[in-house]
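For reference, the structure is listed below as structure tokens.
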Amino acid sequence: MKDQNCGYCMRGELLEQFGIYICDLSVSSLILFKEQSHPGRCIVAYKDHVSEIVNISDEERDAFFADVARAAKAIHAAFHPDKVNYGAYGDTGCHLHMHLVPKYKDGFEWGGVFEMNPDKVHLSDAEYQEMIEKIKSNL
Ligand SMILES: [Zn+2]
């Protein structure tokens, strides 16, 4: 179940437009979101190109949420946010995924809804790599 136009399915250039693949989890992949207005922001993307949480089995759904929790734990341990926000949209992409958005008191958008892509903060390759290592070491 792959969609040729989907960055989560195809990775490579399509994914690189907005994210960096970190690693596979049990039924999903963990991706660093390139726009880093919220330090540590990641995406957990389900392994298959399905649109809805109701389109997978109970076991797969439970495993998906376990992956989300595992990624969130790593984000908490690596970056110490005051809260992690979760968002599952995908109106146009149709590939089940969840945004994990660390929020910091006195930080960007604290107390509000996170923007899909603020397009404000981009890091160097070395800084992305450092962030990825920090996340991986806490998984
Ligand atoms: Zn897909």
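The values are calculated or read from the model by the stated rules, or taken from the named source; none is laboratory data. Fair warning: this is a prediction, and the values are worked out from it, not measured in the lab. We place every Cβ from the backbone using ideal geometry, glycine too, and count neighbours over all the protein chains shown. The protein model used for the area step is the full one, side chains on, heavy atoms only, and it has no ligands, DNA or RNA in it. Shrake-Rupley method; radii C 1.70, N 1.55, O 1.52, S 1.80 Å.
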- Between residue 57 and residue 2, with labels modelled 7 Å along Cα→Cβ, what's the label distance in nm to one decimal, could you check? 2.3
- Scan segment 4-34 for chymotrypsin sites (Phe, Trp or Tyr not before Pro) in coil per DSSP, keeping those whose Cβ has at most 16 other Cβ atoms within 10 Å, and list them by number. 18
- Message: Output the 0 to 90 degree angle, nearest 10, between the alpha-carbon long axis of helix 125-136 and the longest principal axis computed from the alpha carbons of the chain.
- Response: 70
- Query: Which chymotrypsin sites (Phe, Trp or Tyr not before Pro) does segment 54-93 hold that lie in a coil by DSSP with at most 15 other beta carbons within 10 Å?
  - Reply: 89
- Result for the chain, cysteines with no Cys Cβ partner under 4.7 Å, is 23, 42, 94
- Item | With all protein chains modelled, accessible area of residue 68 [1.4 Å, Å²] | 10
- Query: Residues with beta-carbon under 11 Å from that of residue 63, excluding residue 63: net charge, scoring Lys, Arg +1 and Asp, Glu -1?
  - Reply: -2
- Relative to the first principal axis of the alpha-carbon coordinates of the chain, what is the inclination of helix 58-79, with its axis defined by its Cα atoms, in degrees from 0 to 90 and to the nearest 10? 10
- Lys pairs in segment 7-137, Cα-Cα under 21 Å, at least 8 apart or on separate chains: how many? 23
- Item | segment 99-139: radius of gyration over Cα atoms, expressed as a fraction of 2.2 N^0.38 Å | 1.37
- Message: Quick check on the chain: helices-only [θ] at 222 nm, where DSSP H runs of length 4 and up contribute -39,500 (n - 2.57) each and the sum goes over total residues. Nearest 500, please.
- Response: -9500 deg cm²/dmol
- Query: With no solvent and one point per C-alpha, what does the Debye sum give as log10 I(q)/I(0) for segment 1-126 at q = 0.09, 0.18, 0.21, 0.22 Å⁻¹?
  - Reply: -0.24, -0.98, -1.31, -1.41
- Within segment 114-139, which residues have the backbone N less than 17 Å from the label spot 7 Å out from residue 26 along Cα→beta-carbon, could you tell me? 139
- Item | Carbon/sulfur fraction of accessible area - the chain, other protein chains in place, 1.4 Å, % | 49
- Could you pull out the GluC sites (Glu not before Pro) across segment 51-86 that fall in loop regions by DSSP (anything but H, G, I, E, B) with no more than 16 other Cβ atoms inside 10 Å? 52
